[in-house]
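Just so you know, all these numbers are worked out from the coordinates, no wet-lab data involved. Small disclaimer: the values here were computed from a predicted structure and weren't measured. Quick reminder, even Gly has a Cβ in these numbers, built from the backbone with ideal geometry, and neighbours come from all protein chains shown.
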Amino acid sequence: MNKIKIMIVEDERIASEDVKVRLEQLGYKVTDIVSTGESAIKKSETSMPDLVLMDIKLQGPMSGIDAAQILRTRFNIPVVYLTAFADKQTLDKVKKTEPFGFILKPFEDRELHGVIETALYKHRIERKLMEKEAWLTTTLRSIGDAVIATDIQGKITFMNPVAEKLTGWKEEEAKAKNIKQVFRIVNEDSNKPVVNPVEIVLKKGKLTGLPRHKILIDKKGNRLPIDDSGAPIKDDKGHIIGVVMVFKDISNRREVEEALKRSEAFYREVIENAVGVPYWLIYGPSIGEGYYEYVGSGIKELMGYTPDEFTEKCFIDSLEEVIPLLPDIPKDFSDCRNAMINMEIVQYKTDILVRTKDGKQKWLNDSSVAMKDEKTGKSLGSLGILVDITERKQVEQALREKEERFRELAQLLPQVVFETDLEAHITYTNLDSYRIFGYTQEEFKRNPLTCFELMIPEDRERALQNIQRILAGEKLDPPSEYTAIRKDGSRFPVMIYSNAILRNNVPVGIRGIIIDMTDRKKAEYQIQKDLKEKEVLLKEIHHRVKNNLQIISSLLGLQARYIQDEKFLNIFKECQNRVRSMALVHEKLYQAQDLAIIDFHEYVDYLIRGLYRSFGVSPEQIPYKINVQDITIAIDLAVPCGLIINELVSNALKYAFPESFKEKGKIDIKLHQIGEKEVELVVRDNGIGLPKNIDLRKTKTLGLQLVTLLAESQLAGTAACDRKKGTHFQIRFSI
């Protein structure tokens with residue numbers, strides 16, 4: 001299987017070599033590494049990579065964004081941006097090039113792999129869509145109906161062969177001509193020109209069956225009866241960009257229509273009105289002795305009987321329930337039949353539950369009219385139709401169950417759900433409304449309130465205007481915000497989403513939800529307060545710290561791949577972990593709401609999970625537990641704390657649990673306040689423990705030296721080690 005070919009466009013040579021190594025380890029083939037946009041375009045002409053990883057800022061006059069645009073349009077090569085810049089201005093420029101992906105430095109191998117595979121998949125889908133477009137064009141040229149497409153001015157842009165044949169115009173001749181010149185239609189009766197069909201479709205903005213009885217006059221003047229329809233062509237934003245006309249020769253159909261006009265009146269009536277199974281029942285001397293002069297062949301599918309087998313007795317024996325739908329229809333079937341025979345009722349309409357020949361139950365709608373004998377004044381029988389409404393009945397039942405289910409869910413929602421009548425009296429509300437507004441359920445029922453009584457007086461006139469707009473069919477966007485008032489007089493902000501309740505398209509009230517905005521308003525205030533400080537620090541942290549640490553990590557990673565000695569390789573890995581622990585502080589600081597402090601619990605958890613991955617250890621093998629109090633940690637303390645945790649957890653993962661260790665290993669990290677200004681950091685494992693002859697201040701290992709140095713110099717604190725039942729480090733320092 002051929003490897004995916006990838007070109008790297010990066011002006012940082014170290015970073016590009018690092019990316020190349022990662023790509024090759026992931027199974028990709030790196031065709032070229034270039035540092036300018038011009039080189040990328042030139043190389044693509046010969047190597048034709050499957051994908052390009054493109055840095056945004058490059059050497060030379062051409063930016064990565066400009067180069068990506070040329071690669072996309074000229075060679076149709078997907079581009080994934082690989083950069084350390086994520087400011088809004090850069091992102092806006094990137095979006096215009098429609099990239100297939102975006103990777104923000106620093107990144108993990110799995111992130112790189114995921115973005116590349118997603119971009120390749122997206123590119124394959126886009127290519128398939130282009131093939132689909134070509135397929136649709138071929139289909140339009142092959143179908144049996146004539147097709148003409150125009151732009152929004154009515155100028156022809158496409159004609160299929162059938163349209164060429166019927167109009168007498170070749171597509172090459174007709175293109176760019178107004179459709180009225182090629183598609184000349186007149187009224188069949190008056191011979192007057194018909195309104196431009198493009199104008200009709202543009203006015204309605206949807207699929208439209210155009211006026212009937214039209215004659216098409218072809219290029220030579222021949223006249224042809226046609227049937228046609230038109231539909232708007234819309235772009236992906238729903239804007240109309242043209243019209244497509246579909247028409248066909250209906251000369252043969254006209255002959256059939258003329259034949260139908262000469263058919264018997266009964267069959268014409270049945271065919272024109274039939275929706276289900278039509279029948280013509282002739283009454284007998286008594287109920288059950290009548291016969292069907294005609295019954296549609298669909299009776300086989302509906303009831304299981306052939307038309308010859310189906311008798312009035314079969315029908316009556318199948319009845320299990322009858323629900324009259326008209327007020328004058330007797331509930332008893334015999335009384336109903338006698339009333340129809342005597343012409344006391346001339347229309348019969350019921351829903352009936354029947355059992356079919358094979359024993360299944362079905363709901364049918366039975367609608368019929370009496371056929372009067374002019375000599376006797378009585379009914380000879382009835383013309384009717386049976387329609388299967390089983391599915392409709394099931395839907396109605398499902399809707400009833402669904403309505404009940406939504407009512408129950410509404411009671412569980414943590415917002416107010418309500419309904420009102422046209423005068424804004426509350427007719428329904430859920431349980432949470434009593435908690436929010438301070439009323440009891442009995443008070444609501446005993447004295448129904450209006451929506452206006454739950455608002456401060458200053459908002460009531462605006463609320464009335466909004467209700468009138470909603471009842472008029474307008475949708476309020478954005479939703480309305482008001483100040484609500486509780487039973488005890490206290491005020492609080494709310495947002496109301498509401499719609500009109502419609503019955504047969506007539507508004508009968510309002511339905512909506514009320515959301516308490518108190519917490520949101522507080523949060524918005526805090527966000528606005530902190531926004532300026534965070535924006536100022538954001539660029540400084542991201543540009544100066546994160547980029548530099550990424551380069552250091554890349555250098556260590558590149559150098560480590562050339563080291564064969566396991567001892568020195570571990571030293572490099574430890575250095576990388578230390579760099580990552582420092583970088584992680586800046587990353588969490590960037591994500592924090594307060595840019596001066598970080599969420600230390602989240603930081604420690606993320607740091608330890610990274611160490612577990614680095615040493616190839618699963619938390620299921622050696623579980624860890626983090627217990628960090630809600631303590632404010634400034635950046636000058638967070639960095640040394642992170643390095644200490646990095647060293648002690650790394651030592652535990654490497655040495656505390658050898659294969660000879662039989663117990664279940666575990667690691668605990670704890671940070672808690674032990675005085676008004678003093679904090680204790682504890683890192684403990686239940687492993688084999690440190691050798692007793694090791695002096696923390698005289699050890700030759702860098703890791704333990706760092707722990708003591710950081711604790712006493714950076715944190716100005718103390719470090720102690722308890723070697724009973726594993727290793728127990730205690731670091732105390734002031735905040």
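Using C-alpha pairs under 8 Å with a sequence gap of at least 6, the mean separation divided by the residue count of region 348-423 gives a relative contact order of 20 percent.
Exposure proxy shown here: for 355, 503, the number of other Cβ atoms within 10 Å sets the order, fewest to most, as 503, 355.
Can you pull out the trypsin sites (Lys or Arg not before Pro) in region 19-100 that DSSP calls coil and that have at most 16 other Cβ atoms within 10 Å? Counting only loop positions with at most 16 other Cβ atoms within 10 Å, the trypsin sites (Lys or Arg not before Pro) in region 19-100 are 57. Sorting 416, 244 from the fewest to the most surrounding beta carbons within 10 angstrom yields 244, 416. Counting only Cβ charges, +1 for Lys and Arg and -1 for Asp and Glu, the dipole size of the chain around its Cα centre is about 2300 debye.
Within the straight-line cut-off of under 18 Å between alpha carbons, the lysines reachable from residue 700 are 567, 654, 692, sequence neighbours fewer than 8 places apart in one chain being disregarded. In summary, the helical segments of the chain meeting the span-like criteria, namely a full DSSP H run, a Cα extent along the axis of 30 angstrom or more and a mean Kyte-Doolittle hydropathy of at least -1.0, are 109-142, 566-591.
Partners of residue 88 within straight-line reach, counting aspartates and glutamates whose Cα lies under 20 Å from its Cα and excluding those fewer than 8 residues away in the same chain: 55, 66, 98, 530, 533, 535, 540, 587.
With K and R counted +1 and D and E -1, the other residues having a Cβ less than 14 Å from that of residue 715 yield a net charge of -3. Close amide-amide hydrogen proximity is noted between residue 449 and 426, each under 5 Å apart and 5 or more residues distant or on a separate chain (H modeled in the peptide plane; Pro and chain starts excluded). Listing 48, 495, 245 from fewest to most neighbouring C-beta atoms within 10 Å gives 48, 495, 245.
Using a simple spin-label model with pseudo-atoms 7 Å out from Cα toward Cβ, residue 522 and residue 95 lie 3.3 nm apart.
For the chain, the antiparallel share of DSSP beta bridges with both residues in that region comes to about 85%.
The relative contact order of the chain, computed from alpha carbon pairs under 8 Å that lie at least 6 residues apart in sequence, is 5 percent. Considering only alpha-carbon pairs that sit under 8 angstrom and 6 or more positions apart, the relative contact order computed for region 287-392 is 21 percent. Between residue 555 and residue 456, the modelled label-to-label distance comes to 6.1 nm, taking each label 7 Å out from Cα in the direction of the beta carbon. Using R0 = 45 Å, the C-beta based FRET efficiency linking residue 332 and residue 239 works out to 0.15.
The GluC sites (Glu not before Pro) of region 633-735 that meet both conditions, a loop assignment by DSSP and at most 14 other Cβ atoms within 10 Å of the site Cβ, are 659, 663, 676. Return the label of the correct value of percent of Cα pairs over 49 Å apart, as calculated from the structure shown, out of [x] 55; [y] 17; [z] 70. Matching entry in [x] 55; [y] 17; [z] 70: [x]. Loop-located trypsin sites (Lys or Arg not before Pro) across region 295-335 with a Cβ neighbour count of 10 or fewer within 10 Å are 331, with loop assigned by DSSP. Taking a straight Cα-Cα cut-off under 12 Å and skipping sequence neighbours fewer than 8 places away in the same chain, the aspartates and glutamates within cross-link reach of residue 487 are 443, 453.
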